[in-house]
Structures are given as C-alpha cells and as structure tokens.
Amino acid sequence: MPLSTLYIVLAVIVAIVLLSGIRYIPNNRIGIVEKRFGARSVKGGFIALNGEAGYQPEVLRGGLHYLIPIQYVVHIAPLVTIAQGKIGYLFARDGQPLSAMQVLASNTAANDFQDVAAFLKNGGQRGPQRQILREGTYAINLAQFVVITQEQVYYLPLSRDDQMVIQSMAEVISKRSGFSPVVIKDSDDLLGVVTVHDGPSLPNGEIIAPVVGDDPANDATYHNNFQMPDRFITAGGRRGRQLQVLVEGTYYLNRLFATVEMIPKTIIDVGFVGVVVSYNGAIGEDLSGSDYRHGELVEKGNRGVWSEPLLPGKYAFNTYAGKVISVPTTNIILKWIKSEVGAHHFDENLTEVSLITKDAFEPSLPLSVVIHIDYQKAPLVIQRFGDVKKLVEQTLDPMVSAYFKNIGQTRTLIQLIQERNEIQNISSKEMKDKFAHYNLELEEVLIGTPTTNGEDKQIEIILNQLRSRQIAVEQIETYERQETAAQKERELREAQARTDQQRNITESELNITVQSNQGKAEYQRALQQAAQIRTLAEADAERIARTGIAQAIATEEQVSAYGGPQFQVTQQVMNRFAEAVQQSQVDVVPRVVVGGNGSEGSASGSSIMEGLLTLLLSDKLNLQVNDQSPKEANPEAEKLRQEIRRSLSEKPQDSQSKPEA
C-alpha cells in the first residue's frame, strides 16, 4: 500500500475518533459524565472524586464538550425545576453514613447540592436530606442526588431496587402533603401541632417535647418554627410531639422531618373560665397550702393543675400537652327533676328526692338548687373533683338527698306541703356552709310540690282533702271580702252621690252667699235711701209745713175774708163741680127756658139754680143756709158765686138761640 494511502486512512481514523468524542449538551439539559475505565477505581463511595472510573462529580452544561470516546459516557438529564409555592426533596446516594440517632441527613456545612465535590469533601451525608429545595431551577448531578417533586422524580436510574426505594419515599411525601407548604388561615381558628420525626428521643416519662432553648439564641425563632431542622436539632430539639404549636401563617416544612396536625383553638366563652391541667413541665411547688390535702396547685408552666385559670378568650393551647376544663362562673341551676335538665347539663342524671314523711307517706320531692363557682376557686374545684359533673353526681346529689330525707322524717305530709316556704328558707341557710366546704357558693334552694307515683292513692286522698279544706277557707275569706267589697261599694256610691250633688250644694251655698251679700247691699242701699227719704221728707215736711202754715194763714185770712169756713167749703165745692160739669159737657141749665119776662126770667132761672146748688151742698155738707141777703154776705163770697154763674151760663148760650117752644 502506498504511503500516501496509509496516511489518508490514518487521518480518516483519527478524524472519526476525534469526532466521536464530541458531545453536544442543550442549554436546558445537563450532561452526567461516567468514566468507564481508568488507571484507578473508586475504593469507597459512589462518586469518583479523584478521576477514578465511575460517575464524575462535575456535570456538563449546555454547549459542545470533547471527551475521549469509549472511555467516557455522557448521560443527558434535564434541569431540576421546582414550581412556585412547591417543595422539592433530596436524596443523596453517596456521602457519610447516618448515625443511629438520625433519620435524615444533616448537612449544615455541605448544603451546596449543585457542587457534588464540595458536598462530599465537607462531610455531606447520604440518604434523605433535612434541607429542602424551594422554587427555582437547579443543575444537579442526578447520579449523586435524587430530587423528588410533585410533578416528577429527577434521578439517573441505576438499578430496579433503587427505583423502588425512591418511589416509596415519593409516596410517603405525597401522603403527608409534603410538596405544599403548611398554610394556617386566621379565619379557621386552627393551630398546628408539630411532630418531629428526627433527632434525639424524649427522656423516659416525657410525653411531649418542650419548647427548644431557654435563651433568645435557642428559641423558636432560631430554627424558624421547624423550617430549619439542623438548627432545631443543634439547639436541643427532640423528636416527638412538640409543645410549641404553629399559628396563622405559611410554613415550608420538610414533611420527612416534621408533620403537622390541625386542631381547633381553645375558646373560653364569656361566663366561663378554663382550668388547665398540664401534662408537661417540671414538678412545681404546691400552692394550695398545707391544710388542703386534696391535691396540688402549681404555677403556670409546671405539671399539674394551674392555680391561675384561663379567662374568656382564644388560646393556642396544645391539647396534647394538657387539657382545659371549662368551668361556668355564672349561676348553675341543678334540677332534681327527672324530666328537666339545666342549661349546663350537669344534672342530666338527677331525679326527684324520695322522702318518707312522719306520717309514713312516701312522696317524691322535686328540687332546684342554684350554685355559683368563684372563678378564682375554680382550680380548687377541678383539682378536687376532676370536673363539675363529677362534683354534682358524686358529692352534691347524695348530700342534698340526705338532707331533705332528714327534713321529711320530721314533718307530716301536710306540714311538708304547708311549710314549704319555711323549709326552703331554712335549707338555704343551713346548706350554705356545706357547699362552702366544697368551694361552692349556694345562692338559693327552690322546693317544688311533693308528688306521688300512680300506685299510692292515699297520698292523693290526703291532698284532695287538703285542697277541699283550703277551698273552704278561701271561700270564707272570699265571702268576707265580698261583704267588705259590698260595704265599700255602698260607701263609694254614697260618696259618688255626694260628689254628684256637690255641685248643687256648692251652687246653693254660693247663691246663699251671693243673696246674703246682695241683701246686705240692698239693706245698705235701703238704709241710704231711707236716710235720703227721711232727709227729703224732713225737708219736704219742713217745706210743706212752712207752706201749710202759710196756706193756713192765707186760708184763715181768706176764710175770714170770705165769711167763714162754711163759705170757703162751699166755694171749693162749687169750683170742683164747675170743673166736672165743664169736662163732662152736660147741660146743667135746660135749653128751653119757660119763664116770664126775658130779663127777669133769666135772672130768676139763675137764682133757682143757685138755690138748688146751695141747698144740695148745704145738705151734703151739713151746712146751715141762712137767709142772709146777698148784700149782707161777704163780698168775696159774692164774687165767687158770680164766677160759678158765669161758668155755668157759658154752656146754654147755644140753646138760647133756638126758638122758644
């Protein structure tokens, strides 16, 4: 073969060999290098840290890489991606072995899982890791680490057994909801009780792990509420159920390290207090005193019954570390009545008290007892009896029943019924001290009506007789009250009648008063008028007297002048007669005159009339007519007679003008 051809063949072979050693790694992938052979083999472990044959610690990232063909094999693997809000778990195939006390690998210094060489050189331990992966993308050597996520398991298959172990671990994590963080919502009123599965065990006799650390450097914030397992173990944390609980928030916990159980918060309602019985803590000093021999009270945080109760509110109390017994501080009504139960249901097993009376009857007595528990004495009650229901059933029920049985033996059935109020008051006073002995305050005892069962008819007969007797008494009292009511009604009607007539009486009295006042006023007016009249009368009398005297004097003078009183009377009579004739218009003188000579006849007629009048007047007035001649008479009288004649002669003038008959 020519030399040139040989060179060509060698060149082709070299090219093929060289080309076969080139590896291309995509950017979203990694290359895990496996060295098939070499000068040395790995003596211990799984990863070849010093170039031995085996899986190499370094991985190939995206790009072209040249490796000697046949000697190296490159396994293409994806990048590890942890989704947002999710958790990834690591399992190391190589490293230091775990101690007998470990469940998970502790890698406080070797925590860079993307640098296998650094992990192994710094003492990284094999097995499931305490540290978890948060959201992100990681270039991890999957020959050394297995990464378990919710979406998939990232690993380089080595054997069938290896695959089964990894799958089993993934199922455990999934059952514990380990791929998602622990979220406690404030609206749920829940808290998380943590159980740690790694670390030293609890001492003998302990049932719950105490809070880690007694100083600020080793408290709960140091391990960030179990989210940093290595710090928790370093600070002295122990495996088992933890006294510390988780409250509202989000926690990224390794569920292979710690699991969380949700329990409700402890709520103490208004009207109650919570007495804490702690199962955890040191044995504290007894605070109940040397005279109290029913148990011990301890300070808060010690084991036993806490001396200070929990007041109304919400508490993140770990009920695995103790229990909270709710004790009502309001009034508790206990009913010894089979068909009735109080609001707190402490008396649901109580029935009526069976009595035997003095007269050998056997009634059942229903009772209601009102008690109160001082909130500061609630721990003493719980420490002595365990809970209130045990107190009622084991102590109060036999005590109250025995007391009223004794009462029943000293009284007959009728006395028991009639003296119920007295018995009630006496029992309330006498039983206060007995209840106070048990740290209770007795408020009131209420006694019902004694009852009988259906077979005892004699008691019913006695009760019927008592009812009849009472009805008779009530009827007597009713009749008496009706009689009193009738009397009162009569008095009321009389009062109403008086009231109805009061207006008239008042008006009459007012009229009497008014009339009296008016009479007095009229009397005063009459007195005034009388005085006035008297004064006027006196004045008139004086005037009349003066006038009369004057007239009398004048009359006397006239009488004397006219010729005496007879003449004066005659003159006045004639004046009145003339006025009457004039007013009546009667013809005194006849219209037809029968006589002698004309002048003489007229004169004689006038004389006849005058004579007649004179005779008539003298007869009526008992006057004596004398035969005195006119010439001898008083001139004044003669003048008066002339006036009368003239007045009488004025009428007949019309008749004289008629022809004579």
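The values are calculated or read from the model by the stated rules, or taken from the named source; none is laboratory data. Because the structure is predicted, anything quoted here is derived from the model rather than measured. Methodologically, a virtual Cβ is constructed for each residue, glycine included, from the backbone with ideal geometry; neighbour enumeration extends over all protein chains shown.
Remarks
- Answer residue from the stretch 174-203, given it is in a loop (DSSP other than H, G, I, E, B) and of a type in the set (Gly, Ala, Ser) and is nearest to residue 262 (Cα to Cα) among those: 177
- Among the strands (runs of 3 or more DSSP E) confined to the stretch 27-72, the ones with at least 1 residues that are within 24 Å of residue 97 (Cβ to Cβ) are located at 29-35, 54-60.
- Among all positions in the stretch 405-417, there is at least one residue which is more than 29 Å from residue 273 (Cα to Cα), touching a Phe, Trp or Tyr at 6+ places or on another chain (Cβ under 6 Å) and not small (Gly, Ala, Ser).
- Out of 275, 270, 260, one residue alone is part of a strand (DSSP E or B) and either in contact with a helix residue (DSSP H, G or I) (Cβ under 8 Å, 6 or more places away or on another chain) or without any contact (Cβ under 8 Å) to a residue 60 or more places away in the chain (or both). It is 275.
- Single residue of 151, 206, 171 found to be in the same structural domain as residue 31 (by TED's automatic domain parsing), modelled with pLDDT under 95, part of a loop (DSSP other than H, G, I, E, B) and not hydrophobic (A, V, I, L, M, F, W, C): 151
- Top-ranked residue in the stretch 75-120 [being more than 22 Å from residue 159 (Cα to Cα) and among the acidic types (Asp, Glu); ranked as modelled with the highest pLDDT]: 115
- Taking every residue in the stretch 47-72 that is among the small types (Gly, Ala, Ser) and pairing it with any residue that is surrounded by fewer than 16 Cβ atoms within 10 Å (Cβ to Cβ) and in a strand (DSSP E or B), at least 6 positions away or on another chain, the pairs with Cβ-Cβ distances below 9 Å are 48/41; 53/41; 54/41; 62/24; 63/24.
- The residues of the stretch 98-126 that are closer than 20 Å to residue 234 by Cβ and surrounded by fewer than 14 Cβ atoms within 10 Å (Cβ to Cβ), listed by number, are 99, 100, 101, 109, 112, 123.
- Scanning the stretch 246-301 for residues that are over 38 Å from the mean Cα position of the chain (by Cα), farther than 30 Å from residue 197 by Cα and crowded, with 20+ Cβ neighbours inside 10 Å yields 297, 298.
- Residue within the stretch 460-468 that is out of contact with any Leu (no Cβ under 6 Å at 6 or more places or on another chain), of a type outside the set (Ser, Thr, Tyr) and at pLDDT 85 or above present: no
- Any hit, the stretch 87-96, residues being in contact (Cβ under 8 Å) with a residue 12 or more places away in the chain, over 30 Å from residue 39 (Cα atoms) and loosely packed, with under 15 Cβ neighbours inside 10 Å: no
- Residue match in the stretch 423-446 (condition: assigned to a helix (DSSP H, G or I) and aromatic (Phe, Trp, Tyr)): yes
- Restricting the stretch 177-203 to residues that are surrounded by fewer than 16 Cβ atoms within 10 Å (Cβ to Cβ) and either of a type in the set (D, E, K, R) or under 46 Å from the mean Cα position of the chain (by Cα) (or both), the residue that is modelled with the highest pLDDT: 183
- Filter result (among the hydrophobic types (A, V, I, L, M, F, W, C) and out of contact with any Lys or Arg (no Cβ under 7 Å at 6 or more places or on another chain)) within the stretch 93-113: 98, 100, 101, 103, 109, 110, 113
- Of all residues making up the stretch 338-367, the number that are buried (at least 19 other Cβ atoms within 10 Å of the Cβ), in a loop (DSSP other than H, G, I, E, B) and among the aliphatic types (A, V, I, L, M): 2
- Taking the criterion of being of a type outside the set (S, T, N, Q) and either over 30 Å from residue 242 (Cα atoms) or in a loop (DSSP other than H, G, I, E, B) (or both), the residues of the stretch 312-327 that qualify are 312, 316, 317, 320, 321.
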